[in-house]
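Following: one structure in structure tokens, then a few remarks.
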Amino acid sequence: MKIRLTWFPALALIAAGCNGDDGRADTDTATDSASASASASASASATASASASATDTDSGSGGNSDSNGTTGGETDSTTAATVTDGNTTGVMTTTDTTTDGGDGTVIEVKIDPLDPIVTVVDGVIPPATVFTAVGITDKNVEVPVSCNWSYDRLDLASINAVDGSFVATGLAGGVGTVGCDAGGGLKASTSATVTLKFTSEPDPVDPGIKMGFGDAVDPDPSMVLLYPYDKTVFPRGLTGPTVQWNGGGANDIYYIHAVSEFFEFEGWYKVPPPSRFNWPTMPNDIWTKLTSSTDGPLTFDIQRYDGNKYYLAKTQTWTISPANLTGAVYYWEVNNGNIVRLNVGASNPENFIQKDGNTQCLACHSVSKDGSRLAAAAQGGWSPWTAINPADGAILYYSAKASGFQAISPNGSHVLWGQSDGTGPLHLSTYNSNAILAQLSVPGAYFVHPAWAGDTTHVAFGQRLNGNWLDFTASHLWITEVDLQGASFNNSKKIVDSAGGLPTVTFPTF
């Protein structure tokens, strides 16, 4: 038998990116001696049915002889087949095959193992998983073939193009596709999954105590998980959140568990009040590994043992976004009377505002969606509004008009202000003038907490029903259309009433 396979050169490209790109990586290095494991569902096999969709036979007048002296006629044919086995699919096409009347023509390729799962434990890379392939002829005979191997998730693992050795990187967990190109149009593929598992136990905990967490039956009567909030969505590119809770004792032992489809973390800690947990960064940056391995839901829970009794876990579900947070976060330092900026990736905020005599104390503020300007209340009390350039911190304008809470338009061109002046309406001005271009008003209504929509054409706001501009306990929620070119408000309407369960409906956002 003679098999002629056509080979094509392969070029591996590694793409690195951000904002959701699959080329995720970090620079953690594992230094411990924890074990690693690999499991592969190697017992499965792929089968295929082949149908000749076209045949073009060119017979010569004489036989052909290979270097081993084998002779036979040549047949050029086009054959298509599809392999399906669970989650595994392979497509094989032959465009130039040779038969000799013996074992037959190779019409498909089978990969082994199928759909393997490789688990990296505590950063230790397990031995290579080696992929192999065999060809199946039209006479159902297995014959050896060679493949040009590929893998489409190089952030998860590498594969040797010649011998099929598959080695996890340990940088992230996920699933990708292993491809086998046997030449002559013969191809097959299978999934290959990498999972990451980490454990942390800074102070040794008795194994018997650790086992006991699984026996808990009663809810925890005192522990309250304070932060993060349930259903929080976390972008990539940030440090991990400090988990905070109350209600534990100084000697309580906690089991902290986080799990997603391709990632798992287990930790055992003593965390005396005020109880705070920071994700480990050495020898592995756990939060980076977690976010690199998770697109979507993550289950997080904390379970407590008080020395006498185990309690059921407090559980939350978080979502990991596939995109990185970009830009900066602005916030008010209440104790310092200052607005600071925290750039993404920075460990500390920066003081960026060039304060003058009118802006020594800055508080409630609004940043335009394009980041070009910031409007803030100054000096406390009547709280006049001011406009600031975030690029250099320069004071662009000081209004000397009471405001308290103000909203700046998405492009930074206009400011809606006046909550603290006691008159009721909100006033529209350009960012560099206190001249009133239009008023948002309803007779007898006091409007508060305006928020601009990203489309520039809508503003949401509250209507307080009691108290004063700063302190009240009942309010409705309104929305209006705004025309900046014509300097007007239209179709103002109440959309949510103050109700028994939600009497104060305010601080809207889009």
Run the simple label-point estimate for residue 203 and residue 331 please: 7 Å along Cα→C-beta, distance reported in nm. 2.9
Cα centroid separation, region 128-171 to region 274-322 (Å): 36
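Quick one: which of 355/493; 401/494; 197/314; 197/369; 314/369; 369/494 span more than 31 angstrom between C-alpha atoms? List each step's numbers first, then the result.
On the way: 355/493 39 Å; 401/494 27 Å; 197/314 21 Å; 197/369 39 Å; 314/369 37 Å; 369/494 25 Å.
Exceeds cut-off: 355/493; 197/369; 314/369.
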Want the number for residue 351 to residue 437: 0.36 nm per residue separation, take away the alpha-carbon distance, what's left? 27.7 nm
Would you pull out the residues with amide H under 5 Å of residue 263's amide H, same chain only if 5 or more places away, H placed 1.01 Å from N? 196
Taking amide H positions as placed in the peptide plane 1.01 Å from N, state which residues far from residue 338 in sequence (5 or more) or on other chains have amide H under 5 Å from it. 333, 362
Least to most buried among 265, 461 (fewest other Cβ within 10 Å first): 265, 461
How do 139, 369 rank when sorted from fewest to most other Cβ atoms within 10 Å of their own Cβ? 139, 369
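Which ordering of 227, 310, 431 is given by a fewest-first count of other beta-carbon atoms within 10 Å?
Details: 227 11, 310 20, 431 23.
Placing the least packed residue first, the sequence is 227, 310, 431.
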Stretched fully, the stretch from residue 509 through residue 382 gains (0.36 nm per residue minus C-alpha distance, one decimal, in nm) 43.3 nm
Apply the Karplus parameterisation 6.51 cos²θ - 1.76 cosθ + 1.60, with θ equal to phi minus 60°, to every residue of region 127-137 and state each ³J(HN,Hα) to the nearest whole Hz, in sequence, with x for glycine and proline. x, 5, 8, 9, 8, 10, 9, 10, x, 10, 8
Simple spin-label model, 7 Å along Cα-to-Cβ: residue 142 to residue 413 in nm? 7.2
Can you give me the distance in nm between label points at residue 124 and residue 474, each placed 7 Å from the Cα along the Cα-to-Cβ direction? 6.6
Between region 362-434 and region 437-510, what is the separation of their alpha carbon centroids in Å? 17
May I ask you to compute the full-extension gain from residue 455 to residue 229, defined as 0.36 nm times their residue separation minus their alpha-carbon distance, rounded to one decimal in nm? 78.5 nm
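FYI, it's all coordinate maths here, none of it is from the lab. What you are looking at is a predicted structure, and each value in this text was computed from that prediction instead of being measured. We place every Cβ from the backbone using ideal geometry, glycine too, and count neighbours over all the protein chains shown.
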